[in-house]
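Undergrad: Structure in structure tokens, see below.
The values are calculated or read from the model by the stated rules, or taken from the named source; none is laboratory data. Small disclaimer: the values here were computed from a predicted structure and weren't measured. Positions of Cβ are generated from backbone atoms using ideal geometry, with glycine treated the same way; all protein chains shown enter the neighbour counts. We work out accessible area using only protein heavy atoms, side chains counted, and drop any ligands, DNA or RNA first. Shrake-Rupley method; radii C 1.70, N 1.55, O 1.52, S 1.80 Å.
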Amino acid sequence: MTDIQELLLSRIRDVRDYPQPGVMFKDITPLLADPEAFGALTDTLAEIAVGNGATKIVGLEARGFILGAPVAVRAGVGFIPVRKAGKLPGATLSQAYDLEYGTAEIEVHAEDLAAGDRVMVIDDVLATGGTAEASLQLIRRAGAEVAGVAVLMELGFLGGRARLEPALAGAPLEALLQV
Ligand code: AMP
């Protein structure tokens with residue numbers, strides 16, 4: 001493990017049985033409160049975005065906003081929020097996806113993505129991959145290209161990487177930490 005990975009891991013708090021029994025919640029608030037760790041995370045994700053030729057950053061509500069916004073500024077590209085349904089005021093594209101029980105829906109402002117954009121999706125945790133997969137479908141439906149997905153932490157035992165593979169279509173999935 002690199003020094004940066006050790007620093008990042010040391011600032012993530014495991015909260016057992018939150019928000020429901022059986023879930024080990026990965027709380028990144030200690031990392032956000034530490035400027036050295038938050039800065040290192042921002043720099044690393046920005047390097048990945050620039051290295052993959054991203055021209056836009058998509059952040060997934062809500063922690064993807066906190067991580068993605070400074071990454072976009074550092075990378076010198078625009079930031080686009082992908083939100084839960086009903087939160088964006090303008091004309092949107094929507095994508096529904098399956099959860100373990102039921103479905104969810106995310107949206108993006110249609111005018112924010114266009115042909116010629118190369119989009120990097122950023123979030124804190126990749127779990128089942130459902131949210132990230134739906135975001136890639138939104139990006140492609142808007143006519144833009146996928147530059148990749150970058151997350152702080154991948155929960156490998158949930159199989160998100162395999163679920164994302166078809167939607168990635170060869171674009172990279174970068175996880176700074178694996179659990
Ligand atoms: P998924 O669509 O299953 O990959 O879930 C991804 C979303 O849920 C991400 O935006 C994460 O922030 C959040 N999430 C899922 N599982 C966890 C966890 N164990 N700890 C923290 N966040 C999680």
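Undergrad: P(r) tail for region 90-165, what percent of Cα pairs lie past 19 Å?
TA: Details: 1028 of 2850 pairs.
Distances greater than 19 Å cover 36 percent of the Cα pairs.
Undergrad: Which FRET efficiency value, to the nearest 0.05, is calculated for residue 4 and residue 105 with the Förster distance at 35 angstrom and r the Cβ-Cβ distance?
TA: Working: r = 35 Å, r/R0 = 1.01.
Given R0 = 35 Å and the Cβ-Cβ separation, E is 0.50.
Undergrad: Between residue 114 and residue 50, what's the calculated FRET efficiency when r is the beta-carbon distance and R0 is 25 Å? Round to 0.05. Don't skip to the end; give the middle numbers.
TA: Working: r = 20 Å, r/R0 = 0.82.
Working from the Cβ atoms, E equals 0.75.
Undergrad: Further, regarding this structure: Specify, per residue and in Å³, the volume enclosed by the convex hull of the alpha carbon atoms belonging to the chain. Before the final figure, lay out the partial values.
TA: Details: hull volume 20.9 nm³, N = 179.
Roughly 117 Å³ of hull volume per residue.
Undergrad: Quick check on region 15-93: take the gyration tensor over C-alpha atoms, sort the square-rooted eigenvalues as a ≥ b ≥ c, and tell me if it's rounded (a/c under 1.5), prolate or oblate.
TA: Details: a/c = 2.40, a/b = 1.16, b/c = 2.07.
Oblate is the answer for region 15-93, as a/c is 1.5 or above yet b/c matches or exceeds a/b.
Undergrad: Kindly provide the helix-only [θ] at 222 nm of the chain, computed as the sum of -39,500 (n - 2.57) over DSSP H runs of four or more divided by all residues, to the nearest 500 deg cm²/dmol? Kindly include the intermediate steps, with their values, before the conclusion.
TA: Details: 6 runs with 63 residues, N = 179.
After summing the helix terms and dividing by the residues of the chain, the value is -10500 deg cm²/dmol.
Undergrad: Let me ask something else about it. In Å², what does the accessible area per residue of the chain work out to with a 1.4 Å probe? Can you show the working numbers first?
TA: On the way: 8680 Å² over 179 residues.
On a per-residue basis, the chain sits at 48 Å².
Undergrad: Can you tell me how much longer the chain between residue 87 and residue 73 gets when fully stretched, taken as 0.36 nm per residue apart minus their C-alpha distance, in nm with one decimal? Spell out each step's value before the answer.
TA: Numbers: separation 14, 0.36 × 14 = 5.04 nm, distance 2.32 nm.
This chain segment gains 2.7 nm when fully extended.
Undergrad: Starting from the Cα gyration tensor of region 84-134, take the square roots of the eigenvalues, sort them a ≥ b ≥ c, and report rounded, prolate or oblate (rounded when a/c is under 1.5, otherwise prolate if a/b is larger than b/c, else oblate).
TA: Working: a/c = 2.34, a/b = 1.33, b/c = 1.76.
Oblate shape, in that a/c is at least 1.5 and b/c is the bigger or equal ratio.
Undergrad: Further question on the same structure: Once you place label points 7 Å from the Cα toward the Cβ at residue 140 and residue 165, how far apart are they in nm?
TA: Placing both labels 7 Å along Cα→Cβ, they lie 1.5 nm apart.
Undergrad: Only bridges whose two residues both fall in the chain count here: according to DSSP, what percent of them are antiparallel, nearest 5?
TA: Values: 13 of 35 bridges.
In the chain, approximately 35 percent of DSSP beta bridges are antiparallel ones.
Undergrad: Going by average Cβ density within 10 Å per residue, which order do the peptides 149-155, 1-7 take, highest to lowest? Let's see the in-between values first.
TA: On the way: 149-155: 24.0, 1-7: 11.7.
Top to bottom by mean Cβ count within 10 Å: 149-155, 1-7.
Undergrad: Can you give me the long-range amide H partners of residue 77? Hydrogens built in the peptide plane at 1.01 Å from N, cutoff under 5 Å, separation of 5 or more residues or another chain.
TA: Under 5 Å from the amide H of residue 77 lies no amide H from a residue far enough along the sequence or on another chain.
Undergrad: Report, to the nearest whole %, how much of the accessible area of the chain belongs to carbon and sulfur atoms, 1.4 Å probe, protein only. If you can, show how the numbers build up before the last one.
TA: Values: 4590 of 8680 Å².
That fraction is 53 percent.
Undergrad: With a cap of 16 neighbouring Cβ atoms within 10 Å, and only residues DSSP puts in a loop, list the trypsin sites (Lys or Arg not before Pro) found in region 46-99. Don't jump to the answer; show the numbers that get you there.
TA: Numbers: sites: 56, 63, 74, 83, 84, 87; in loops: 87.
Of the trypsin sites (Lys or Arg not before Pro), the ones in loops of region 46-99 whose Cβ has at most 16 other Cβ atoms within 10 Å are 87.
Undergrad: Sticking with this structure for a sec: What are the ³J(HN,Hα) values, in whole Hz, obtained from phi via the Karplus relation 6.51 cos²θ - 1.76 cosθ + 1.60 with θ = phi - 60°, for each residue of region 22-27 in sequence order, with x given for Gly and Pro?
TA: Listing the rounded values in order: x, 9, 9, 7, 8, 8 Hz.
Undergrad: Hey, another quick one. Show me the GluC sites (Glu not before Pro) within region 95-137 that DSSP assigns to loop and that have at most 16 other Cβ atoms within 10 Å of their Cβ. All intermediate terms of the calculation are to be shown ahead of the outcome.
TA: Details: sites: 100, 105, 107, 111, 133; in loops: 100.
Filter output for region 95-137: 100.
Undergrad: Grab the other residues whose beta carbon is less than 9 angstrom from that of residue 81, score K and R as +1, D and E as -1, and report the net.
TA: Working: positive: 83, 87; negative: 61, 112.
Around residue 81, the charge tally is 0.
Undergrad: Starting at the first residue of region 136-143, write each ³J(HN,Hα) from the Karplus equation 6.51 cos²θ - 1.76 cosθ + 1.60 with θ = phi - 60°, in whole Hz, x for Gly and Pro.
TA: 5, 5, 4, 4, 5, 5, 7, x
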